[in-house]
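Trainee: A single structure is presented below for examination.
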Amino acid sequence: MALPETAAPELELDSRRAESRRGFLIGLPAWAYLTIFFALPLVIVLVYSFATRSSTGRTQLTGWNLDSYRRLVDPFVFEVFQRSFFLALTTTLICLLVSYPFAYYIATRGARLRNILLVMVMIPFWSNFLVRTYAWKVLLGSDGPISQLSQALGGEPIRLLFTNTAVLIGLVYGFLPFMVLPLYAALERMDWSLVEAARDLYADGWTAFRKVTWPLSRPGVIAGSILVFVPALGAYVTPAILGGARTTLVGDYIVDQFLAARNQPFGSALSMGIMLVLLAATVIYFRSGAKEV
Amino acid sequence: MSISAGVRPKSPTERMLAGNAWLVYAFFYAPILVLIVFSFNENNNVGIWTEPSLRWYRDVLANDAVMSAIRVSLIVAAISTVVSTILGTMTALSLERFRYRGRRAFDGLVYLPIIIPDVTMAVMLLLFFAQSFQWLDAALGWRPSFGIATISLSHIAFNISFVAVVVRARLGQLDARLEEAAADLYATRWQAFRRVTFPLIAPGVVGGALLALTLSLDDVVVTSFVAGPGSTTLPVYVFGLVRRGVTPLINAVSTLMLVASMVLIAISLGFQRTSRSRVAIREQELEPN
Amino acid sequence: MRKAAVELAGVSKAFGDVYAVRDMDLAIADGEFFSLLGPSGCGKTTTLRMVAGFEFPTAGALWIHGVEMGLEPANRRPVNTVFQSYALFPHMNVEENVAFGLRMKKVGATETAERVKRALDMVQLGHRADASPTQLSGGQQQRVALARALVNEPEVLLLDEPLGALDLKLRQAMQVELKVLQERVGITFVYVTHDQEEALTMSDRIGVMNEGRLLQIGRPEEIYERPASRFVADFIGEINLLPATVVDHYSVRLLGGQVVRGSTGAEPGSEVTMAVRPERLELFGSNEHIADGLNQIRGTVVRRTYYGDVFYYDVDTPAGVVEVKEENRPGVDLHEAGESTVVAWDPSATTVVED
């Protein structure tokens, strides 16, 4: 037997390094792209948020200041944030309340029916978001079908359009699939024999739900909530179509800074603000969910 | 898997759940149905039904602005879907199957575009392009303009992440042993990818591509910020119309957009059904017989 | 002397700080059915994976038919693996699965078709070439995995607990089939299992592992009759382990003072363990005549258990509780609980282990 030429640890390490390099290179194009077209723009917004606005509305990258951020705590601005936050929160809660029994129902059907029911959820999901929101504008108009219906029943013409309620309806409608699908995924993956075990151990239906089903479906609840809350907070299209000029929300407020008001530094500060709120909410929510699994 | 549906009695809870489900479906479909029905309405006024007619569809086809917007939408969607699917799939492979320094940072970077609202994204990209055009002008004397290119680049920026998430989920379900088996049977890394990994993640890739396509065709805010004169997409154009009022013309355009979506869904489902059984095989393989 | 099919010298494998395999020296002969046997986590699968090329050794060298291959990637080694979960490609049918390796090596279409047919016939699945893996039972999938590996005529076939997912009857049938197949084909098989019955029935030689180390290599009879360590003695089959002190090279003293015969190389006075298998013990009533030269201990029967074909007696002796296994045959006396008896056995059945 020849003397062993030992495979020294370095040689094994070398092959692992080659493997790592391959992985890195495969991801490199996307990394580069995201750095240029995402990370860099983010940095630019950050920079602009400290810039000054000239009297003609142009942005001057001099005279760095915190003015824009100071405006963030103005009562008016704060109110806008608050309003948007609570609207997004309400939207998320309503979506959750409506979606959970719905997803539960689908997840507990037989395989074939489940697939059909899912497809029927996917169809609105894949349909154009703008169109779906617009459909509510048609429905809720004062001479739209709902209004006509209520008038036919002897009531008043509905004046729902251009109110907060209309926006809420539109947001819930638009984001409902984003809550249903993760919930369904979590419930479908669950081990239902655990529920049966709970009932075998004398738990009634509600307790079994509270102690077994709900905690196990938590990841789905978290994912769905994030998927609804995030776009709802920065919603622009839905309020623009269904809301009125009276109540300003963050999305519209930001867009306004870049179009009419021409105050890019302030718009940038607002954007950073909303992003921080969302990051904080996501992190907190994730952590709280992760802890209890 | 679910509880065997046949064995349970129809308790009051069951009935409530079922009732709730049907209400939700009604909620989902009523607006869409109303829209479609009224697009065939002869009357100018959307609310009042007079007689069925194809008038608005004819108007759509004759409308240059709409046709041009459709063209731009399709070009942008095609470009952004192809590029983001390729980059997103590579991202998923890189993150899921390899370990290297900086992987966590890359992972975080990929997830950010998903949790950013489109308003912020729009602002970011607008300032980025505006600023870069200034720099390019100063450095090279060439000043690019906002148009199809900027829209496509923007769509790719947020689509990569969505494709990556979908493909990664699919990749995660794949038995890593299959790739080892391929190597055991003399396949090189590339052969193993082409003949084993890729066919098995293909449904995920297609799903990701469809998602990217939908997001691109749906996008309003980002596009309106980075579009230029003469390069409006369909949703942005419709958005402009909608803000001004409600007309059956919009209904007709909307119905057409809906039909297009449904065709896409039908294709995607057809594809998925043939491939779904294949991942189920892996699960069955591990069951003792 | 023929080149060893697989040889390991000083091979270790560490994952971070944890050593899965330590300092392993092993030579597997050409054409041999060799089993690596041990409990979960003992390093047997890691060793197999190093031979296959899915892991590289942290230290030491590995040869396949004399060619050093420790750091060759898996796809360049002349070995094939049958995986525990079969790892059949779900998107290919049986024929495509089996032909995969040949196609990767760019073997011509006619030759491929021929070899695939032969391989499938060899595992009696020629009629299912078009089936998809989902449509097959576990046993059939396993045979496809086997065919897929063998069709490439590897120098060594590696099997990672391939029968684990099958039920008992099927497993026993497959054990015979695999052994017959190996003898027919003549390829070296390296078989990993935690089931000692499997290893004993199928192998030409067994390597027993625990905690990353190879404890003993030998033919099944050697491992069974003359275990080299307490772990091996305990792991394989049933055995009585009684603490003892060495008197001289031919005898040891058990607890309670009884001296019995058994050869040992340990120093007089050292603490050892005397091991003897229950089926080599015989139970005698206090009045019965016991032949000369047998080791004996007195004890009281605590319990008798009926197993259909055998009886087990738990006998309480000063040396410890001893388990005796006796055939259920007419003419063999039964003993009752509480009976005073003598446990006797031939000294050659005694093994003294030093740990």
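Trainee: For the subset of the range C:267-278 comprising residues that are farther than 12 Å from residue C:351 by Cα and touching an Asp or Glu at 6+ places or on another chain (Cβ under 8 Å), which member is modelled with the highest pLDDT?
Mentor: As a first pass, look at the range C:267-278 and keep what is farther than 12 Å from residue C:351 by Cα: C:267-271, C:278.
Then keep just the ones that are touching an Asp or Glu at 6+ places or on another chain (Cβ under 8 Å); that gives C:268, C:270, C:278.
Working: C:268: 91, C:270: 90, C:278: 94.
Looking at the filtered set, the residue picked out is C:278.
Trainee: From the list A:52, A:35, pick out the single residue that is under 18 Å from residue B:152 (Cα atoms) and more than 7 Å from chain B (Cβ to nearest Cβ).
Mentor: Numbers: A:52 fails: under 18 Å from residue B:152 (Cα atoms).
Being under 18 Å from residue B:152 (Cα atoms) and more than 7 Å from chain B (Cβ to nearest Cβ) holds for just one of A:52, A:35, which is A:35.
Trainee: On the basis of being assigned by TED's automatic domain parsing to the domain that holds residue C:275, hydrophobic (A, V, I, L, M, F, W, C), in contact with a strand residue (DSSP E or B) (Cβ under 9 Å, 6 or more places away or on another chain) and not in a loop (DSSP other than H, G, I, E, B), does residue C:324 make the cut? Explain how you work it out, then say what you get.
Mentor: On the way: assigned by TED's automatic domain parsing to the domain that holds residue C:275: yes; hydrophobic (A, V, I, L, M, F, W, C): yes; in contact with a strand residue (DSSP E or B) (Cβ under 9 Å, 6 or more places away or on another chain): yes; not in a loop (DSSP other than H, G, I, E, B): yes.
Taking the combined requirement at face value, the residue satisfies it.
Trainee: Select, from C:143, C:103, C:118, the only residue that is within 19 Å of residue B:181 (Cβ to Cβ), out of contact with any helix residue (DSSP H, G or I) (no Cβ under 8 Å at 6 or more places or on another chain), in a helix (DSSP H, G or I) and of a type in the set (Lys, Arg).
Mentor: C:143
Trainee: Counting just the residues of the range C:270-305 that are part of a strand (DSSP E or B) and out of contact with any Ser or Thr (no Cβ under 7 Å at 6 or more places or on another chain), which one comes out nearest to residue C:316 (Cα to Cα)?
Mentor: Narrowing the range C:270-305 to residues part of a strand (DSSP E or B): C:271-276, C:282-285, C:295-305.
If we keep only those that are out of contact with any Ser or Thr (no Cβ under 7 Å at 6 or more places or on another chain) too, we end up with C:273, C:282, C:296, C:302-305.
Numbers: C:273: 18, C:282: 14, C:296: 13, C:302: 6, C:303: 9, C:304: 12, C:305: 15 Å.
The residue in question is C:302.
Trainee: Further, regarding this structure: Would it be correct to say that residue A:138 is more than 27 Å from residue A:225 (Cβ to Cβ), in contact with a Gly (Cβ under 6 Å, 6 or more places away or on another chain) and either in a helix (DSSP H, G or I) or touching a residue at least 60 places away in the same chain (Cβ under 8 Å) (or both)?
Mentor: Details: more than 27 Å from residue A:225 (Cβ to Cβ): yes; in contact with a Gly (Cβ under 6 Å, 6 or more places away or on another chain): yes; either in a helix (DSSP H, G or I) or touching a residue at least 60 places away in the same chain (Cβ under 8 Å) (or both): yes.
Yes.
Trainee: Residues to consider are C:278, C:268; find the one that is free of Cβ contacts under 8 Å to residues at least 24 places away in the same chain and either touching a strand residue (DSSP E or B) at 6+ places or on another chain (Cβ under 6 Å) or not aromatic (Phe, Trp, Tyr) (or both). Spell out how you get there, then give the answer.
Mentor: Numbers: C:278 fails: free of Cβ contacts under 8 Å to residues at least 24 places away in the same chain.
So the residue among C:278, C:268 that is free of Cβ contacts under 8 Å to residues at least 24 places away in the same chain and either touching a strand residue (DSSP E or B) at 6+ places or on another chain (Cβ under 6 Å) or not aromatic (Phe, Trp, Tyr) (or both) is C:268.
Trainee: Please verify whether the range C:219-233 includes one or more residues that are within 30 Å of residue C:89 (Cβ to Cβ) and hydrophobic (A, V, I, L, M, F, W, C). Walk me through how you get there before you give the answer.
Mentor: If we filter the range C:219-233 for residues that are within 30 Å of residue C:89 (Cβ to Cβ), which is where we start, we get none.
No, that holds for no residue.
Trainee: Can you tell me which of A:277, A:212 is of a type outside the set (Phe, Trp, Tyr), within 14 Å of the chain's Cα centre (by Cα) and more than 8 Å from every other protein chain (Cβ to nearest Cβ)? Outline the logic, then answer.
Mentor: Values: A:212 fails: within 14 Å of the chain's Cα centre (by Cα).
One residue alone meets the criteria, A:277.
Trainee: Give the residue that is nearest to the other protein chains (Cβ to nearest Cβ), with candidates limited to residues of the range B:247-289 that are at pLDDT below 75, in contact with a helix residue (DSSP H, G or I) (Cβ under 6 Å, 6 or more places away or on another chain) and over 20 Å from residue C:90 (Cβ atoms).
Mentor: Result: B:265.
Trainee: Continuing with this model, one more query. Based on what the data block shows, is residue B:133 assigned to a helix (DSSP H, G or I), among the aromatic types (Phe, Trp, Tyr) and at the interface with chain A (Cβ under 8 Å from one of its Cβ atoms)? Break it down stepwise before answering.
Mentor: Details: assigned to a helix (DSSP H, G or I): yes; among the aromatic types (Phe, Trp, Tyr): yes; at the interface with chain A (Cβ under 8 Å from one of its Cβ atoms): no.
No, not satisfied.
Trainee: Right, another one. Look at residue A:69 and say whether it is surrounded by 15 or more Cβ atoms within 10 Å (Cβ to Cβ), assigned to a helix (DSSP H, G or I) and within 13 Å of chain B (Cβ to nearest Cβ).
Mentor: So residue A:69 fails the test.
Yes/no matrix, rows are residues, columns are (1) touching a Leu at 6+ places or on another chain (Cβ under 9 Å); (2) of a type in the set (Phe, Trp, Tyr):
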site: A:19; (1), (2): no, no
site: A:27; (1), (2): yes, no
site: A:42; (1), (2): yes, no
site: A:48; (1), (2): yes, yes
site: A:59; (1), (2): yes, no
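Trainee: Give the residue, chosen from B:73, B:94, B:152, B:145, that is assigned to a loop (DSSP other than H, G, I, E, B) and of a type in the set (Gly, Ala, Ser). Before the answer, list the steps.
Mentor: Numbers: B:73 fails: assigned to a loop (DSSP other than H, G, I, E, B); B:94 fails: assigned to a loop (DSSP other than H, G, I, E, B); B:152 fails: assigned to a loop (DSSP other than H, G, I, E, B).
Every option except B:145 fails the conditions.
Trainee: Could you list all residues from the range C:70-96 that are more than 9 Å from chain B (Cβ to nearest Cβ), more than 21 Å from the chain's Cα centre (by Cα) and buried (at least 22 other Cβ atoms within 10 Å of the Cβ)? Show your work before the answer.
Mentor: Step one: of the range C:70-96, the residues more than 9 Å from chain B (Cβ to nearest Cβ) are C:70-72, C:78, C:82, C:93-96.
Adding the requirement that they be more than 21 Å from the chain's Cα centre (by Cα) leaves C:70-72, C:78, C:93-96.
Within the range C:70-96, C:70, C:94 meet the criteria.
Trainee: A follow-up question, please. Being small (Gly, Ala, Ser) and free of Cβ contacts under 8 Å to residues at least 12 places away in the same chain narrows it down to one residue among B:141, B:147; which is it? Please lay out each step first, then the result.
Mentor: Details: B:147 fails: free of Cβ contacts under 8 Å to residues at least 12 places away in the same chain.
Among B:141, B:147, only B:141 is small (Gly, Ala, Ser) and free of Cβ contacts under 8 Å to residues at least 12 places away in the same chain.
Trainee: Report whether or not residue A:36 is part of a helix (DSSP H, G or I), aliphatic (A, V, I, L, M) and buried (at least 17 other Cβ atoms within 10 Å of the Cβ). Let's see the steps before the verdict.
Mentor: Numbers: part of a helix (DSSP H, G or I): yes; aliphatic (A, V, I, L, M): yes; buried (at least 17 other Cβ atoms within 10 Å of the Cβ): no.
It is false that residue A:36 is part of a helix (DSSP H, G or I), aliphatic (A, V, I, L, M) and buried (at least 17 other Cβ atoms within 10 Å of the Cβ).
The values are calculated or read from the model by the stated rules, or taken from the named source; none is laboratory data. Being a predicted model, the structure only gives us computed values, none of them experimental. All Cβ positions, glycine included, derive from the backbone under ideal geometry; neighbour counts span all protein chains shown.
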